[in-house]
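What follows is calculated from the coordinates using simple rules that are stated; it is not laboratory data. Here the structure is a predicted model, which means the values were calculated and not measured. Note that each Cβ is placed from the backbone with ideal geometry, even for glycine, and that neighbours are counted across all protein chains shown.
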Amino acid sequence: MNVSKDARKKYMNTNQSSTVMVNGMGGHLAPGFTLNTSSPLPPPHSLMLSSVSETLVGTIDPFRRDVCGGTFPSNGMNLLPLLSKSKSSTMESGKEKLCLVLDLDETLVHSSFRAVEGADFVIPVRIEDVVHYVYVMKRPWVDEFLEALAPYYELVVYTASLNKYADPLLDLLDPKNLIEHRLFRESCVQWGGNYVKDLSILNRDLRKTLIIDNSPSSYIFNPEAAIGCTSFIDDPSDLELKQICSFLLALKDVDDVRCRVGGWKEFMEGEEVREANAVL
Ligand SMILES: [Mg+2]
């Protein structure tokens, strides 16, 4: 897709990380923090009326065109810190891993300001000196997905969310540190009223980089490398990560993912048929 170079602008945000404290409603408890479980529902406040996506993933001014002042990225400037290659950047076979970019909200988890019974995590987030609690449900199969793919893919979470919410969440979601890099809102490009994740600034070979995201606007610069998953909210029978995992395991040795990634829907339809047949 051709995107006007002058129209692609960088959004910078200097939000700082906050302390991780987790508990309650079935979530894990981090040291030094306790929720009052006799009244688990948080008090009513304005954030209860808005979604986590609106508040922490954020809405932006669709008419805002230029925050950092530079054209992007044709002047050769890398607006992201370069992702550093780690020791684990190769598979056991010695072949270089593909780079798998993962969205967070509605792709790996769903989060809500409303108290959720059985939430996997509860993340306190300070907003304007008030601590709000974010209740997080993991998408089914996310643990298995990360574990199965880490040996073959360099896992990168690239989210438009604020790091003060996403960073402590990832600490809990990924206790084995399988995700090698975390990129937050300040690493997204502001374009057309959306936070866009531009794979071309990751310092990775685009033939070997793909993205999974529930929001098509997130990968508008790189549609040829995208697996557009459905949005996870609360369906406990959701199988999409399991199915995508099978697809990616079959894809791990290809030389150019862009020629193959478009086949994921067909593959998943086949998986659904196989699974349906298996229970008959
Ligand atoms: Mg998302």
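Taking the number of Cβ atoms within 10 Å of each Cβ as an exposure proxy, the fewest-first ranking of Arg182, Arg274 is Arg274, Arg182.
With neighbours defined as other Cβ atoms within 10 Å of a residue's Cβ, the residues Leu249, Leu100, Leu199 order from fewest to most as Leu249, Leu199, Leu100. Classified by the C-alpha gyration tensor, the stretch 189-247 has an oblate form. Its axis ratio a/c, with a ≥ b ≥ c, is 1.5 or above, and a/b does not exceed b/c.
Are any of the pairs Lys138/Lys176; Lys95/Lys252; Lys97/Lys197 more than 18 Å apart by Cα-Cα distance, and if so, which? The pairs that break the limit, which is 18 Å between Cα atoms, are Lys97/Lys197. Taking every Cα-Cα distance in the stretch 229-280 and sorting them into 10 Å bins starting at zero, the pair-distance distribution P(r) comes out as 22, 48, 25, 4 percent.
Multiplying the residue separation of Lys95 and Ser237 by 0.36 nm and subtracting their alpha-carbon distance yields 47.6 nm.
Counting other Cβ atoms within 10 Å as a rough exposure proxy, the listed residues Trp141, Trp264 run Trp141, Trp264 from fewest neighbours to most. If R0 equals 35 Å, the separation of the Cβ atoms of Ala278 and Asn177 corresponds to a calculated FRET efficiency of about 0.55.
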